[in-house]
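Here is the structure we will look at.
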Amino acid sequence: DLRPLDILAEAVPPAGLARGMRVFQVQGLRGFQLSSSRPRALAFPASRLFMHCDRFPEEFSIIVTLRALRGPAKVSAAGRAGRGHGAAPQVPARVLPQRNEYIFTVMLEESPGVLVGLRYSPDKLHFLFWSQERAGGWQSRVTFPNVSLSDNRWHTLVLAVSGQSFSLTVDCSVPKDMVVETPFPASLSVRRASFYLGNRRRRKGVFTGLLRQLVLLPGADATPRICRAVNFKVATLSVPSVLQDVPAKPASNEVLKYPYETDMKVTLGARPRCSKQEKAQFWFNASRRGLYLCNGSTWLSMLEVQHRLDYVEEHQSLVTNSETMGIEVFSIPRVGLFAAMANRATPPGSAIYRWADGKFVHYQNIPTHQAQSCKYFTIGKKIFLAVANFEQNERGQEFSVIFKWSRRKAKFLTYQRLSTHSARDWEAFVIQGEAFLAVVNHREGNNHNIDSVIYRWNPRTGLFETNQTIPTSGAYDWEFFTIGPYSFLAVANTFNGTSTKIYSHIYIWLSGSFQLFQSILTFGAADWEVFHIGDRVFLAVANSHSYDSGMPAPSNFYAINSSIYELNITAQMFVKFQDLLTYSALDWEFFSVGDDSFLVVANSFDGFTFSVNSIIYRWQGYEGFVAAHRLPTVGCRDWEAFHTAEGSYLFYSSAKEPLSKVLKLKTT
């Protein structure tokens, strides 16, 4: 039975915590703190793990996620002797290493010897086991040097054991391999033995940090299973339920079953980042008089003066390099707020702007070729910007480009080129700890029925590699979203070579790939936008035009309904909720002001002119979305909503003139 054996979970009683255990949350993750006063309380019989065989596995991996404390250094007696009054000249204090601390041990009840154990000391990790090659047996030790764990940070270790071979991987870095003379025993009996958490049945040497994961995987090297995650330091195979995430806002007034403590922190000033490292931290926004809680990905309002949208005013007219096909607004931690413009003209390429003193100012140009869209994303500490290029470069090559943020140069630099075909859009997402990047290929020559590609990040090579292809028809947009534990990817199909009246598809992630979930009839679909209102899930499609070579021409190709669909849990499908008349709609953007929800549509052409009003719709409950504000736009291509300390804004791009506008939302 090669299932993971969760040593840590076995020590937690079903009704609560064992005596001597406390739960702490630090850097967004929970772990057990173990008491040194009752080491025997942190034990359980080995027979609870090895139910069918009383032998320790001959080959196995041990997976540990821990946070070791950076303790004070000890000073030798020679150093202390020189501190008294009238003492002889002082001898320099000799700093001694911290004591050994045990992560776990397996010990027989009648013997003080350690059958199997793991302990660490400053810059070393020791694996202990009882060798029976000689009469009576003796304690063997395999020591891995230069293992720095005592830095108050979370680390994940994978120790793989097979005979004389021992391999240690720390945070999925390069493994430390050792071959020793004494092999791990092929038949090590654990009859009448017990597992001890964080100790060796004594108060001395008790683990003083936090333990989050301690798993034994028989018969396999767990490194490939662990090192698929994006955040290697907290990669998990099995974590006790008490340490797993719970909703930041409890669903009711029920008291938490397992109380835990946390290093609470309140941040003031501009909107800080919210990731797993900041989970359970607070941010106070003085300008909006709001208190927010980080749930690991977004800031949730705990206390806020509610505002209502009154009207919209022009805040900034931004002259761009050329017509702008798409906007991506993003924030780089400790650097600032940026907007990347996908500009049509090849020279000078596309521009990136930085928010300064309440306005966007030019920051950097990046080389592009009729760029259609940009996508900002991160993998660990790496920051990327993917650009979808529609045309070939000067050498006749057709590539879309991933740029990487250089902290040293404080600019985006070319990182990876991927072959694409009139690419329209990128979508970045994470599934089960793995990072993906999907591109929509619009056409190859005059053929619109081609494959679009999903790439998977390879942490070993540091590159994106093809993972799956999906047939698309003149595709314009990807939209990734999750509902509960399920991941979805919707594609907006625009044109199949003869008609825009075609099906766009929603795919669901199952068994390691995307599979068809639902098909929806669309008319030149240019964009999908998923959004939530309360517990309801909606999906809006922007239909751009109605054309069919085999049908009579309509009176107006471009005055056409765009539709909003709602997820029906019972039917397990999206059903039409509302139609809204649009004019060659190219984009939807959902945003909120206070408790109110809004959708703004990018109307680009009414059949006669590109000067068309784009509409802000307000959510009116039973009435659905109702037109609230009409905004004059010219060839509107994309909308982006963003917030700063000064307020909330909408940013629109024009595909027909080199001018984009920032609009400020005025509230009451």
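Taking region 369-396 as the region of interest, how many residues are in a strand (DSSP E or B) and open to solvent by less than 30 Å² (accessible area, probe 1.4 Å)?
Kept after step one, since they are in a strand (DSSP E or B), are these residues of region 369-396: 371-379, 382-389.
Those still in the list that are open to solvent by less than 30 Å² (accessible area, probe 1.4 Å) too: 371-374, 377, 379, 383-389.
Qualifying residue count, region 369-396: 13.
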Just give me the residues in region 463-488 being open to solvent by less than 10 Å² (accessible area, probe 1.4 Å) and at positive phi, in sequence order.
GLY474
Residues in region 392-442 that are within 30 Å of ILE226 (Cβ to Cβ) and not hydrophobic (A, V, I, L, M, F, W, C): how many?
9
Residue in region 345-368 that is within 30 Å of HIS421 (Cβ to Cβ), of a type in the set (A, V, I, L, M, F, W, C) and surrounded by fewer than 18 Cβ atoms within 10 Å (Cβ to Cβ) present
yes
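Listed here are the residues, each with its yes/no results for (1) farther than 17 Å from LEU489 by Cβ; (2) basic (Lys, Arg); (3) surrounded by fewer than 21 Cβ atoms within 10 Å (Cβ to Cβ).
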position: SER499; (1), (2), (3): yes, no, yes
position: ILE506; (1), (2), (3): no, no, no
position: LEU521; (1), (2), (3): yes, no, yes
position: ALA559; (1), (2), (3): yes, no, yes
position: TYR583; (1), (2), (3): yes, no, no
position: LEU586; (1), (2), (3): yes, no, no
Within region 269-318, take every residue that is assigned to a strand (DSSP E or B) and touching an Asp or Glu at 6+ places or on another chain (Cβ under 9 Å) and give me the one that is farthest from ARG630 (Cα to Cα).
CYS294
Of all residues in region 137-194, how many are among the β-branched types (Val, Ile, Thr), part of a strand (DSSP E or B) and touching a residue at least 60 places away in the same chain (Cβ under 8 Å)?
3
Among the residues of region 523-538, what is the count of those that are over 22 Å from the mean Cα position of the chain (by Cα) and crowded, with 19+ Cβ neighbours inside 10 Å?
6
Taking GLU434 and the conditions (1) more than 20 Å from ALA525 (Cα to Cα); (2) surrounded by 22 or more Cβ atoms within 10 Å (Cβ to Cβ), which numbered condition does it fall short on, given that it satisfies the others?
(2)
Looking at ARG99, ARG22, ARG70, can you tell me which residue is outside any helix (DSSP H, G or I), under 23 Å from ARG202 (Cα atoms), at pLDDT 85 or above and open to solvent by 70 Å² or more (accessible area, probe 1.4 Å)?
ARG22
Restricting to region 539-562, what's the tally of residues that are in a strand (DSSP E or B) and in contact (Cβ under 8 Å) with a residue 40 or more places away in the chain?
7
Does any residue of region 460-470 turn out to be in contact with a strand residue (DSSP E or B) (Cβ under 7 Å, 6 or more places away or on another chain) and either more than 27 Å from THR223 (Cα to Cα) or among the basic types (Lys, Arg) (or both)?
yes
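The values are calculated or read from the model by the stated rules, or taken from the named source; none is laboratory data. Since the model is a prediction, treat every value here as computed from it, not as a measurement. Virtual Cβ from ideal backbone geometry, glycine too; neighbours counted across all protein chains shown. Ligands, DNA and RNA are excluded from the accessible area calculation, which covers all protein heavy atoms including side chains. Shrake-Rupley method; radii C 1.70, N 1.55, O 1.52, S 1.80 Å.
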